[in-house]
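Engineer: The structure follows.
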Amino acid sequence: MDYKIVFSDIDGTLLNKERELSPETIQAIKKYKDEIPFVLISARMPSAMFHLQKQLGIENQPIICYNGGYVLVDNSIISSTAIDVSTIKNIADFNQQTKVHLSLYHADEWHVPEYDYWAKREENNTKVTPSVTKVNKVIDDWNKRELGAHKIMCMGEENDVEKMYNHLQENYGNDLHLYRSKSTYIEIANKNISKLTAINHLLENHFNLSLEESIAFGDNYNDVEMINGVGMGIAVGNARDEVKEVANKITDKSIENGVAKSLHQIFNA
């Protein structure tokens, strides 16, 4: 198969142990980017992806944010699917029992209830500074502006996160994607979207390419459908077993430049 486009997850897939792009990864992507579009696809917000695009020299390419909930082409929104405000309020009300950290995201807005350990950790990981805003104030503001959450991030002690997860699964299992990227994290998105739905949308409406002509790299639960759905799904060596089981190929770990090595192998450097 003559592959014509590459999609790559970021965290756990493309970055090294310092959570940065290695020189080897930058060099490999820059080598092929003019012939093969390279598109970043992540649970991250746009601002946490733009600086990586710039390093790779792919600012001209679309980005898929929030696990497919927000897609930009030339900085214009071509797809946006959010969680409604009433659901956010219900989650916040239940959180009076668990007291987990609730980060609320819409487009390039990131609101945290306080600048705590979890906010600082995410800021360090993504190079983006949040706005400290009480949840109820965000809800009131978004309600007036008719906005919703492209992502809700629950972070906290494992027992509290488990309680929140069980509540969400029982009450919103049919409406929300619940990703347990770690035992202390839940990433929440609208169930109508996924990385694969966003890839399909871009392929049909922007690139005029097929899934069979596409390569995707990933490592975590939210990558399973994408890895399983494209023509060549590649799991990095540190990927979850669930990702490896559906992958066409397993490459080296993210910290060993697995993506770069696969690109060289596939495109015959």
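Engineer: Based on what the data block shows, is Ala198 closer than 27 Å to Glu242 by Cα, outside any strand (DSSP E or B) and either of a type in the set (Gly, Ala, Ser) or within 15 Å of the chain's Cα centre (by Cα) (or both)?
Structural biologist: When the stated conditions are applied, Ala198 passes them.
Engineer: Restricting attention to the range 130-164, which residues are in contact with a helix residue (DSSP H, G or I) (Cβ under 6 Å, 6 or more places away or on another chain) and of a type in the set (Val, Ile, Thr)?
Structural biologist: Listed by number, the residues that qualify are Val135, Ile139.
Engineer: With closer than 13 Å to Cys154 by Cα, out of contact with any Phe, Trp or Tyr (no Cβ under 6 Å at 6 or more places or on another chain) and buried (at least 19 other Cβ atoms within 10 Å of the Cβ) as the only criterion, which of Val71, Val135 stands out?
Structural biologist: Val135 is the lone residue from the list that is closer than 13 Å to Cys154 by Cα, out of contact with any Phe, Trp or Tyr (no Cβ under 6 Å at 6 or more places or on another chain) and buried (at least 19 other Cβ atoms within 10 Å of the Cβ).
Engineer: What is the residue count in the range 222-237 for residues that are under 18 Å from Leu263 (Cβ atoms), of a type outside the set (Val, Ile, Thr) and buried (at least 17 other Cβ atoms within 10 Å of the Cβ)?
Structural biologist: 6
Engineer: Okay, moving on. Could you please find all residues in the range 150-177 being surrounded by 18 or more Cβ atoms within 10 Å (Cβ to Cβ) and either outside any helix (DSSP H, G or I) or in the same structural domain as Cys65 (by TED's automatic domain parsing) (or both)?
Structural biologist: His150, Lys151, Ile152, Met153, Cys154, Met155, Gly156, Leu176, His177
Engineer: Could you figure out which of (1) out of contact with any Leu (no Cβ under 7 Å at 6 or more places or on another chain); (2) free of Cβ contacts under 8 Å to residues at least 24 places away in the same chain isn't true of His206?
Structural biologist: Tallying (1) out of contact with any Leu (no Cβ under 7 Å at 6 or more places or on another chain); (2) free of Cβ contacts under 8 Å to residues at least 24 places away in the same chain, His206 fails exactly one: (2).
Engineer: Further, regarding this structure: Could you please give the count of residues in the range 93-147 that are in contact with a Lys or Arg (Cβ under 9 Å, 6 or more places away or on another chain) and of a type in the set (Gly, Ala, Ser)?
Structural biologist: Residues flagged as in contact with a Lys or Arg (Cβ under 9 Å, 6 or more places away or on another chain) and of a type in the set (Gly, Ala, Ser) within the range 93-147 amount to 1.
Engineer: Give all pairs with beta carbons closer than 9 Å in which a residue from the range 88-100 that is modelled with pLDDT under 95 and in a helix (DSSP H, G or I) meets a residue that is among the aliphatic types (A, V, I, L, M) and crowded, with 18+ Cβ neighbours inside 10 Å; count only pairs at least 6 apart in sequence or on separate chains.
Structural biologist: Filtered contacts from the range 88-100: Gln97/Met164; Thr98/Val161; Thr98/Met164.
For every residue, the table says whether it meets (1) under 27 Å from Gly173 (Cα atoms); (2) of a type outside the set (Ser, Thr, Tyr); (3) at pLDDT 95 or above; (4) assigned by TED's automatic domain parsing to the domain that holds Leu102.
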{"site": "Thr197", "(1), (2), (3), (4)": "yes, no, yes, no"}
{"site": "Phe207", "(1), (2), (3), (4)": "no, yes, yes, no"}
{"site": "Ser210", "(1), (2), (3), (4)": "no, no, yes, no"}
{"site": "Asn228", "(1), (2), (3), (4)": "yes, yes, yes, no"}
{"site": "Val236", "(1), (2), (3), (4)": "no, yes, yes, no"}
{"site": "Val243", "(1), (2), (3), (4)": "yes, yes, yes, no"}
{"site": "Glu256", "(1), (2), (3), (4)": "no, yes, yes, no"}
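Engineer: If I go through the range 125-155 residue by residue, how many of them are on the phi > 0 side of the Ramachandran plot and touching a residue at least 12 places away in the same chain (Cβ under 8 Å)?
Structural biologist: Residues that pass the stated criteria total 1.
Engineer: Shifting gears a bit: With respect to Gln27, determine if the residue is of a type outside the set (Lys, Arg) and without any contact (Cβ under 8 Å) to a residue 40 or more places away in the chain.
Structural biologist: So Gln27 fails the test.
Engineer: Just one of Ser181, Ser214 is closer than 22 Å to Val100 by Cα, in contact with a Gly (Cβ under 9 Å, 6 or more places away or on another chain) and hydroxyl-bearing (Ser, Thr, Tyr); which is it?
Structural biologist: Sole residue among the options that is closer than 22 Å to Val100 by Cα, in contact with a Gly (Cβ under 9 Å, 6 or more places away or on another chain) and hydroxyl-bearing (Ser, Thr, Tyr): Ser181.
Engineer: Just checking, how many residues over the range 248-269 are among the hydrophobic types (A, V, I, L, M, F, W, C) and surrounded by 23 or more Cβ atoms within 10 Å (Cβ to Cβ)?
Structural biologist: Matching residues across the range 248-269 total 3.
The values are calculated or read from the model by the stated rules, or taken from the named source; none is laboratory data. Keep in mind that what you see is a predicted model, and the values were worked out from it rather than measured. Cβ sites come from the backbone with ideal geometry, for glycine too, and all protein chains shown count toward neighbours.
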